[in-house]
Amino acid sequence: MTSLLDKDLTACKELLLQSLGHTDNPILTRVLELVKMRTGKMMRPQMVLLSARLFGPVTPDILSVAVAFEALHTASLIHDDVVDESDERRGHESINHAQTNRVAILCGDYILGEALQLIASIGNLQIVQLMSKASKALAEGELLQLHTIQSADLSEATYFRIITDKTAALFAACAASGATLAGASPTDIDTLYRFALLVGQCFQIKDDILDYVGGDIGKPKGNDLKEGKITLPLLYALRGHEQEMAPYVQKIKQGQVTPDEIGQLIEFTEQQGGTRYATSKMNEIADRARQLLTRYEDSPVKTALMEYIDYVIQRKY
């Protein structure tokens, strides 16, 4: 998958480093240096680039949009760590822990400003609307998640609303933006939007599974439980056990669950088939995403999109 995009991803990384390098503010400089060292797999730019390549060549505007969405994603992660009071992000010290909450929020705002500046430079209202819609969805998803922590809601439907807004909507906006700038038809733009929405759901479900089974790097097992989040594996495991597990659920939501209790909850979830169920749901959604691509002729780009799905559901971190 990445070999097809090597040149474009290199250009994206260079543009991202350039866009985050125009400041003489000492605090901001320190934070941006940390951000620039943690670019990761750039999954969202890859979605922009592959969706564009399905219909045409990658242009400078498409590269700018890919970087803008990566900047938006980065800003949202910095803000999320403040909200969740996280000390760590993917094996590294979080910005709020390395600095302060105030610094993290302001630096996240700065990076969001860079994303908006890149989008504005394109001069395409459709792309502005796609990013705006995704930004609103990110906030709504996080707020709904906070609400569920404070309420008695343990429904799978609410879980899918949360992950669609807080994760999948951004993937969908990336795909639709790439397709739009490559000159795709409205039908194709809609197809790629729906495809990426499903892939984004898979991405978040996989993250939630890894919180129970562990991974190569990243957040420790049980971190979601520590933060008061009850995700799909435990939601399934609780079925038929609501009364006996109510004290545990209450402690999770109050942020009072102990490390020993987290271990017990992870074991309970495994015994009740929670991660197996979540994996089955993820694979079912991945199959629906693959089905949407059958309308396109075989090509290296289509193969790369299929490999993108495989990576999302098979990754170890």
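Ignoring everything except DSSP H segments at least 4 long, calculate the 222 nm mean residue ellipticity for the chain; use -39,500 (n - 2.57) per segment, divide by total residues, nearest 500.
Working: 16 runs with 235 residues, N = 317.
Computed ellipticity for the chain at 222 nm equals -24000 deg cm²/dmol.
Using the Cα gyration tensor of the range 96-220, with a ≥ b ≥ c the square roots of its eigenvalues, what is the shape: rounded (a/c below 1.5), prolate (a/b larger than b/c) or oblate (neither)?
On the way: a/c = 1.85, a/b = 1.26, b/c = 1.47.
Oblate.
How tilted is helix 300-314 with respect to the longest principal axis of the chain? Cα atoms for both, answer in degrees (0 to 90, nearest 10).
20
Along the Cα→Cβ direction, 7 angstrom out, place labels at residue 151 and residue 3. What is the inter-label distance in nm?
It works out to 4.9 nm between the two label points.
Quote to one decimal, in nm, the extra length available between residue 143 and residue 239 on full extension: 0.36 nm per residue of separation minus the C-alpha distance between them.
So the extension gain works out to 32.1 nm.
Taking the Kirkwood radius as the inverse of the mean 1/r across Cα pairs, report the Rg/Rh of the chain. Mind showing how you got there, number by number?
Values: Rg = 19.6 Å, Rh = 20.2 Å.
Dividing the radius of gyration by the Kirkwood radius yields 0.97.
Give me the number: length gained by fully extending residue 85 to residue 185, i.e. 0.36 nm times residue separation minus the C-alpha to C-alpha distance, one decimal in nm.
Details: separation 100, 0.36 × 100 = 36.00 nm, distance 4.32 nm.
Length gained between residue 85 and residue 185: 31.7 nm.
If you line up the long axis of helix 169-181 against the longest principal axis of the chain, both from Cα atoms, how many degrees apart are they, to the nearest 10?
Long axis of 169-181 versus the principal axis of the chain: about 10 degrees.
Could you tell me the center-to-center distance, by alpha carbons, between the range 1-61 and the range 105-127 in angstrom?
14
Each value in this text was obtained by applying a stated rule to the coordinates, not by laboratory testing. Values in this document were obtained by computation on a predicted structure and should not be read as measured data. Positions of Cβ are backbone-derived with ideal geometry, glycine not excepted, and every protein chain shown enters the neighbour counts.
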